[in-house]
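Comments concern the structure below.
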Amino acid sequence: MSHSTDIRENISLHPFNTFHIDSTARFFTEISRIEHARALIESGKLSEVPFLLLGGGSNLLFTGNFKGIVVHIKNKGISIIEQAKDTVLVKVSAGENWHEFVLWCVNQGFGGLENLSLIPGNVGSCPIQNIGAYGVEVKDSFHSLEAIDLQTGELHVYASADCNFGYRDSIFKHELKGKVAIWSVTFLLKSNPQVHLEYGAIRQELAVMGIENPGIADVSQAVCNIRQSKLPDPRLLGNAGSFFKNPTVDQKFADKLLESFPRLVFYPLGEEKVKLAAGWLIEQCGWKGFREGDAGVHESQALVLVNYGNATGSNILTLAHRVQNSVYERFGVKLEMEVNVI
Ligand code: FAD
Ligand code: EPU
């Protein structure tokens, strides 16, 4: 049986990126079965032109038309593959929506991912930057993943130790970038879960909700409430979440900064390192709520750049560079971009 791939031409990427940037893909195809992926590899198209693997488009900034082929990964399915006394292994296809999967876990009573509620995007992308929020990272519940080798079409399994997970980082942003397509992720979840309330704002929100003995569904709801109160909803205002990472610096450097800026916001990481709140640094440089044309810095979260409507990717990138320069001039700190600039 042949599994030829359907390749369309000159497709608008506007519906496929949460920044709502108007860009066009020269070629575009959807992959929902492994046979489609293998047919695409065999066709040689991926070596003829540049390619971009696309999930939910929530961590991308298109700065022009994409001259190669966009490959939208759309495979679906969630299955429980093993259940032990207190744990469960759940395998999820890359094309599943992340938040819907988190809600499925919460409804099943499977704990571990509830603090990561309402993060946009798809399951297949979650290991790439080891998504994190409210004191939890995906690596904490990660078991393994399957990825397609884009040269051979073979499926390989990567265990947690193979992935080099770090803060907003993994091997898939480095050595394996452009070499593999993540096809499924398997999570090790708790069927008798404990809740993670270390992140202060969660306790406060639970108190506001009047909940004394929270379960994972309450934590999920609290996280959704906090996120909705400060992060812009991409359906209403184009954005890709935090545009920059929170920078890690030496304790000594932070101590020096504290002498000049006693209100500096930072978190000790151990080993003489601290993480600085990039949102605070950006706000101190006066950028919060800034708008030029349709490119702006969000009015309640300075770490989030926004598109008010018709900004181009270049408008957003120019603003990002101006923010980086002013933070460097004032604090001597280099902000690294979290968003993938295409
Ligand atoms: P995409 O944007 O489609 O792709 C991201 C990158 O992964 C690209 O380089 C792409 O080529 C590559 N890629 C996509 N799919 C695959 C695949 N199957 N195999 C190999 N490579 C692939 N992130 C956090 O960590 N924490 C947060 O709290 C958070 N909050 C956010 C809030 C908002 C409002 C928004 C808009 C974004 C937020 N993000 C957050 C960023 C984003 O949600 C995550 O990075 C998410 O994992 C991106 O998923 P995606 O499917 O949209 O990826
Ligand atoms: N702050 C300011 N001004 C701002 C924004 C933040 O002063 O405009 C200071 C405040 O002191 C605040 C602190 O920075 O208490 C931290 O802010 P917040 O709790 O909003 O978190 P963040 O560090 O800005 C990080 C992640 C988010 C994640 C939240 C919650 C990064 C780059 N960002 O943001 O992830 O949702 O914590 O855990 O690590 C993303 O990666 O896209 C993302 C949204």
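What the phi angles of the stretch 69-74 give under the Karplus curve with 6.51, -1.76 and 1.60, with θ = phi - 60°, is a coupling list of 10, 8, 10, 8, 8, 10 Hz, glycine and proline written as x. Scaled against 2.2 N^0.38 Å for its residue count N, the alpha carbon radius of gyration of the stretch 200-342 is 1.18.
Given a cut-off of 23 Å, name the pairs among LYS67/LYS177; LYS74/LYS230; LYS177/LYS275; LYS230/LYS288 whose C-alpha atoms lie farther apart than that in the structure shown.
Over 23 Å apart, Cα to Cα: LYS74/LYS230; LYS177/LYS275.
Roll a 1.4 angstrom probe over the protein heavy atoms and tell me the percent of accessible area of the chain that is carbon or sulfur.
The value for the chain is 48 percent carbon and sulfur by accessible area.
Pop the C-beta distance of LEU236 and GLU271 into the FRET formula with R0 = 25 Å and round what comes out to the nearest 0.05. E(calc), rounded to 0.05, equals 0.05.
Of the whole protein surface, PHE66 contributes about 30 Å² of accessible area at a 1.4 Å probe radius.
Between ASN340 and MET209, the distance separating the two model label sites (each 7 Å from Cα on the Cα→Cβ line) works out to 3.2 nm. Directionally averaged projected area (the stretch 78-230, Cα convex hull): 9.2 nm². Against the empirical 2.2 N^0.38 Å (N residues), the stretch 8-73 has a Cα radius of gyration ratio of 1.08.
Using a Gaussian network model on the chain with a 10 Å cutoff between Cα atoms, which of GLY238, GLY55, GLY68 fluctuates the most? Most flexible of the set in this elastic network: GLY68.
With N the number of residues in the chain, Rg(Cα) / (2.2 N^0.38 Å) evaluates to 1.03. Backbone amide hydrogens, once placed in the peptide plane, bring VAL306 within less than 5 Å of GLY296, VAL297, HIS298, excluding anything fewer than 5 places away on its chain. Near ASN75, the amide H atoms lying under 5 Å from its own belong to GLY95; only residues 5 or more places off or on other chains count, and H is placed 1.01 Å from N. Average accessible surface for the stretch 132-290: 53 Å² per residue, computed with a 1.4 Å probe over protein heavy atoms with every protein chain in place.
Anyone know which of GLU198, GLU271, GLU100 comes out most mobile in the 10 Å Cα GNM of the chain? Sorting by GNM fluctuation, first place goes to GLU271. Of all beta bridges that DSSP places with both ends in the chain, some 80 percent have antiparallel geometry.
Separation of the stretch 3-54 from the stretch 81-139 is 26 Å, based on Cα centroids.
The values are calculated or read from the model by the stated rules, or taken from the named source; none is laboratory data. Because the structure is predicted, anything quoted here is derived from the model rather than measured. When we count neighbours, we look across all protein chains shown, and the Cβ atoms used for this are built from the backbone with ideal geometry, even at glycine. We work out accessible area using only protein heavy atoms, side chains counted, and drop any ligands, DNA or RNA first. Shrake-Rupley method; radii C 1.70, N 1.55, O 1.52, S 1.80 Å.
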